[in-house]
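Please read the structure below before turning to the comments.
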Amino acid sequence: MNGHFAAVGEGPTARHYEHGIQVIDEDKQFNSNVNAYLQETHVAEAGFNYHLISVFGSQSTGKSTLLNHLFGTEFSVMSESERRQTTKGIWMSKNKREGGDPDTKMADNILVMDVEGTDGRERGEDQDFERKSALFALATSEVLIVNIWEHQVGLYQGANMGLLKTVFEVNLQLFVKDRQSTTRSLLFFVIRDHIGTTPLSNLRNTLVQDLSRIWSSISKPPGLENSKIEDYFDFAFSALPHKILQPEKFVSEVHKLGTRFTAGHRSAVTDQEFTGGVFLPEYHRRIPADGLSVYAEGVWDQIVNNKDLDLPTQQELLAQFRCDEISREVLVGFDEVVAPLEERQAEATRTGETSVLPDLGATGAEARDKCIKAFEVQASRYHKGVYARKRTELEGKIDARLKALYQAQLTAAHKAGVAAFSDAVTNAVKAGQKSGGSYEFAEIVDKQKKKTLEIFKKEAQSLAIKDVPWSNFKGQYLLFEKELDEVSSRLRKEEMRRLATRVERWVKSRLGDAIGLEFNKLGSGRNGTGAPESGEQPPSEKDLWDRIWKVFVGIVGEAEDRFAERAKSFEASEGEVEVGLWRLRRKSWVALRERIEEEVMEGNILLKLRENFEDKFRYDEAGVPRIWRPSDDIEGIYTRARESTLTLIPLLSRFRLSETYAPPDLPGWIGVQPAGAEPEDEDDLTPIGGVDEEEGKSLEEEMTVLSEGKRQDLVVRFKKTADGVYVEAKRSAIGGITQ
Ligand code: GDP
Ligand code: MG
């Protein structure tokens, strides 16, 4: 069925329509240029503001003449001399008497259909066309002018009565399919060559009686048996004088008749009289003018193929066809705006750049609004259900494209925002470091986050379309915020690392001094009350490791405080701080180990041992340098001093606390790895024996400062050095005598 609704092509613009257009030709073909004609005469753009009139009556009763006088049309008229058929098929023309005096001015956009004469003589036995044209006229026209000679009135058996019978029958046929319809038609009888002896009211009465008789004689479809003629028709009557005998009166009466073709009111319709304008709203077929040709063609197609004419279905089909057409038309405008934007996004995707289109929300909303409004204006005139469905379809199409556009836009805004945020924070931190390190990381992050979020929010809000749920991008906003938080936490971690590095450096430098000091004390064997004579170490030597441990723990404790305090200032979580402290303790221990390593490096430690020994050997208990005399027990003093210093070597070999004679509780002090630590937190950590058990190195090994081999080597080397000192002392004692 739908296939008959061919797209209406534009007719040749140079076509001349002075005689109107032949809608249906003698071969019953529908003219494909009807829409072109409606467009050229500007009826197509009129919406519902147009009217359709058809004229019926026997051949050569002056129908075309009447229409030409009434509406200024130029339908062909039979010449007085030839007397043969003129009007063929169905012609249509627009009223050419528009405008004029506001009081008598005719309605806008009246279309008149001049229907081929219907007395059977014209087309031989072809009564078929009469029926078909009547059906066609009823399906489209508001007013049917029935043209009739005065002397025919009352001739019940005449050709006109046959025509009216047909009209009534096909009308009922239409209503079988369309019972809900409240559409009516006006049958406007124009009585020609009215001589005047019989008043119009009498003629009317006669006609009304005939009409009732016809009505009761026709067979009515089931369900409509009791229907009355008034259920479907209003009647109006008018008489015109003889055109040839009373030419001036004819013209003036036709002019008077013309003034009735205006909008009317139901109150003007009574049983006795129809006065005032003939165009009542309920006569209108409610086919929008821009769909009229498609509708008429569809209707004609059904009629000509002897199919049951079902007007509601025709109207739905028309609505579908037109709504689709209108949808395509309005989408062109939308496309013009949106396609370039889509292209720009696609281009950005190809080149990998981040492209946030300026004013996208406003542009998109405007294009959407324009498109839907344009659709609404035209399409809403069509079948409501179809219109609503097609509108939803159109919105779906538009929104799918806008949605893709908007989502890509927010993805771009998201990317750009994250990058901008990360850069801004990093730059602000750098600037802060340059200007002396007095910057508040948390404040920087806070400020930049607010700024970046605000930009994103603005963009997201600009994309929101009123009452369109998909255009609420709150979810994307929350996602963006979440990502900023993730970036913040990454940046904070980096900041923590920087802080950790600073604190570690501080620990190293403090350890460098403090540990150096403790080891330097070894160089003097006389401090405290140590008695070299007894061969025992002074306490300062015995508790070397206790002191180192204490100093170490003290420094690290101080560093921990600094670290924790600073980290809290930039809102690091407790877990993060814990990890940082744990790392700090580990790194500090490793630093201490390195520092000790440095102290016990061969040359260094040997020098210290020699100093220690010399102190014990060369000075007496009172700290006075000895002047060796031959009588002195040089050997005894030497042996004791040497033994005393030698005891330092095992002491130095292991990190042991004097009280427990055991290593400090390093694992306990470092503590277990905090639960929040992530793999990368351990990346740069040196394994520690006894703490990282899987490393296979024990605490004992971790606490070993000098290996067995090094120890023995050191003993040998120290002894040699001590021997040298002894020999020298011996020599000086003898030399002192000889001098
Ligand atoms: P149509 O076939 O019904 O369209 O009739 P036409 O308009 O072609 O007219 C047929 C003939 O009737 C023409 O020769 C007209 O001059 C003539 N005619 C037109 N109007 C009148 C009229 O009012 N009275 C009379 N007697 N003849 C008329
Ligand atoms: Mg004619």
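Annotations for the structure displayed:
- Positive-pole candidate from 356, 411, 396, dipole of segment 329-421, charges at beta carbon: 396
- Where trypsin sites (Lys or Arg not before Pro) fall in DSSP loop in segment 373-466, at most 10 other Cβ within 10 Å: 466
- Kirkwood hydrodynamic radius over Cα pairs of segment 168-291, then Stokes diffusion coefficient at 10 °C and 1.306 mPa s, in µm²/s: 96
- Test item: Cα-centred dipole of segment 285-377, Lys/Arg +1 and Asp/Glu -1 on Cβ, debye: 220
- Among 696, 605, 269 - extreme Cα towards positive end, dipole of the chain, charges at beta-carbon: 269
- Counting DSSP beta bridges with both ends in the chain, the antiparallel % (nearest 5): 35
- Taking all pairs of distinct alpha-carbon atoms in segment 278-396, Kirkwood radius in angstrom: 16.9
- Basic side chains Lys and Arg get +1 at the Cβ, acidic Asp and Glu get -1 at the Cβ, and with that the dipole of the chain about its Cα centre reaches some 840 debye.
- Counting only the Cα atoms, segment 342-473 fills a convex hull of 103 Å³ per residue.
- Only Lys, Arg (+1) and Asp, Glu (-1) charged, at Cβ; segment 295-338 dipole about Cα centre in debye: 100
- Cα-only Debye scattering, segment 239-278: base-10 log of I(q)/I(0) at q = 0.19, 0.31 Å⁻¹: -0.62, -0.94
- In segment 386-456, the alpha-carbon atoms span a convex hull of 68 Å³ per residue.
- For segment 615-656: Kirkwood Rh in Å [reciprocal of mean 1/r, alpha carbons]: 11.6
- Three semi-axes describe the equivalent ellipsoid of segment 546-646; taken as square roots of 5 times the Cα gyration tensor eigenvalues and ordered largest first, they are 49, 13, 9 Å.
- Against the rule of thumb 2.2 N^0.38 Å, how large the Cα Rg of the chain comes out: 2.09
- Farthest toward the positive end of the dipole of the chain, out of 677, 638, 432, is the Cα of 432, where the dipole comes from beta carbon charges about the Cα centre.
- Once the Cα gyration tensor of segment 624-714 is diagonalised, semi-axes √(5λ) in Å: 45, 13, 11
- Annotation for residue 701 and residue 98: the two label points, set 7 Å from Cα along the Cα-Cβ direction, are 10.6 nm apart.
The numbers here are math on the coordinates, done by the rules we state, and not lab data. No experiment lies behind these values; they were computed from the predicted model shown. Here Cβ is always computed from backbone atoms with ideal geometry, including for glycine, and neighbour counts include all displayed protein chains.
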